[in-house]
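The values are calculated or read from the model by the stated rules, or taken from the named source; none is laboratory data. Given the structure is predicted, the values throughout are model-derived calculations rather than measurements. Please note: Cβ atoms are built from the backbone with ideal geometry, for glycine as well, and neighbour counts cover all protein chains shown. When the accessible area is computed, the model is the full protein with side chains, heavy atoms only, and any ligands, DNA or RNA have been set aside. Shrake-Rupley method; radii C 1.70, N 1.55, O 1.52, S 1.80 Å.
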Amino acid sequence: MDSDNSLPLSERPEWSDVTPLPQDDGPNPIVAIAYKEDFSELMNYFRAVYRSNERSPRALRLTAEAIAMNPGNYTVWHFRRLILETLNVDLHDELNFLDDIAESNTKNYQIWHHRRWVAQKLGTDASSKELEFTKKILSLDSKNYHAWSHRQWVLQALGGWEDELNYCHELLEEDVFNNSAWNQRYFVITRSPLLGGLKAMRESEVSYTVDTILAHPENESSWRYLRGLHAGDTQSWIIAPQVSSVCLKVLSSKSNFVFALSTLLDLLCHGFQSSQEFRDAVDALRIPDDNQTDSNLAKTVCLILERVDPIRVNYWLWQKSKLPQ
């Protein structure tokens, strides 16, 4: 029967046989930490059961109390795992225990580490619950690194790929600037055993990305994703008609064209043969105050980028210095 947690441990009958083990700060601590009395007492009892290696139901309950007071204590979590293994506890209950703690400690390393340990023990049975759990956390914080890392581990170790691309699409429908969702989408098309890999997905993904770029050309994430779709295949990058076409369309619009310009520069540096249309579109972006002209289109692009993207002016100067004279 569970003890009354409102009572100090020293007043609970089930702990009467345990001698608390105080923290040893030495004879003359320079700066003694002013722990709260209830915390000090609880940790004194925890040290005692930890030293005696007591793996019992009451020790398990004690770790839960210690975690409630300090969910970042690695030693407590470690000992809890030892107890769980010894008692052969139903680990589905442990996931429920973690649900209650994690929502208010979503960036606690120890909780995520423990959750992965539990899920690994449960195997594929835990896949659905873990994906739903990370989805819940990401609905609160779409950029939570721990949740994304855990979700990717679950997919690779336990499965559950079937709806992941749709999930990424839903996130991008909500916020097309969600760089974490773009990263997850790339993870799925390159890692999922169900989709055939990057080459198999490239054509449809390029079309998807081009549509998002035309709707929001100022979104760097989608331009980066477009480049990533041709990773390791420079030839496909420079000859892809959809890539050069979306660059030209955005440049011709004369608004939100910074990433279109930088993409064009990347194409030119890798051997892309531009047409007069590109020259005309780029020239239309120049202003009379531009202090130089150049027959080399790539240099003209750098010149414009130096002006319209001042935060990265040194980068564009460096890029220009690398171009053939």
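Restricting Phe97, Phe79 to those that are of a type outside the set (A, V, I, L, M), outside any loop (DSSP other than H, G, I, E, B) and farther than 30 Å from Ser139 by Cβ reduces the list to Phe79. Scanning the stretch 174-190 for residues that are open to solvent by 50 Å² or more (accessible area, probe 1.4 Å) and within 14 Å of Leu229 (Cβ to Cβ) yields a total of 3.
Which ones in the stretch 26-63 are farther than 16 Å from Trp77 by Cα, part of a loop (DSSP other than H, G, I, E, B) and either in contact with a strand residue (DSSP E or B) (Cβ under 8 Å, 6 or more places away or on another chain) or open to solvent by less than 80 Å² (accessible area, probe 1.4 Å) (or both)? Result: Gly26, Pro29, Ala32. With respect to being touching an Asp or Glu at 6+ places or on another chain (Cβ under 7 Å), modelled with pLDDT of 95 or more and open to solvent by less than 50 Å² (accessible area, probe 1.4 Å), Trp316 fits the description.
A residue that is over 24 Å from Leu172 (Cβ atoms), in a helix (DSSP H, G or I), modelled with pLDDT of 95 or more and small (Gly, Ala, Ser) can be found somewhere in the stretch 249-262.
Restricting Ser274, Ser255 to residues that are more than 30 Å from the chain's Cα centre (by Cα), among the polar types (S, T, N, Q) and within 14 Å of Ile213 (Cα to Cα) narrows the list to Ser255.
Selection over the stretch 147-173 of residues that are among the charged types (D, E, K, R) and surrounded by 14 or more Cβ atoms within 10 Å (Cβ to Cβ) gives a count of 2.
In a residue-by-residue description of the stretch 286-300, the property of being more than 22 Å from Ser236 (Cα to Cα) and surrounded by 17 or more Cβ atoms within 10 Å (Cβ to Cβ) applies to at least one position.
Whenever a residue of the stretch 79-105 is among the polar types (S, T, N, Q), its partners that are assigned to a helix (DSSP H, G or I), lying with C-beta atoms within less than 8 angstrom and at least six residues away or across chains, give the pairs Asn105/Ile111.
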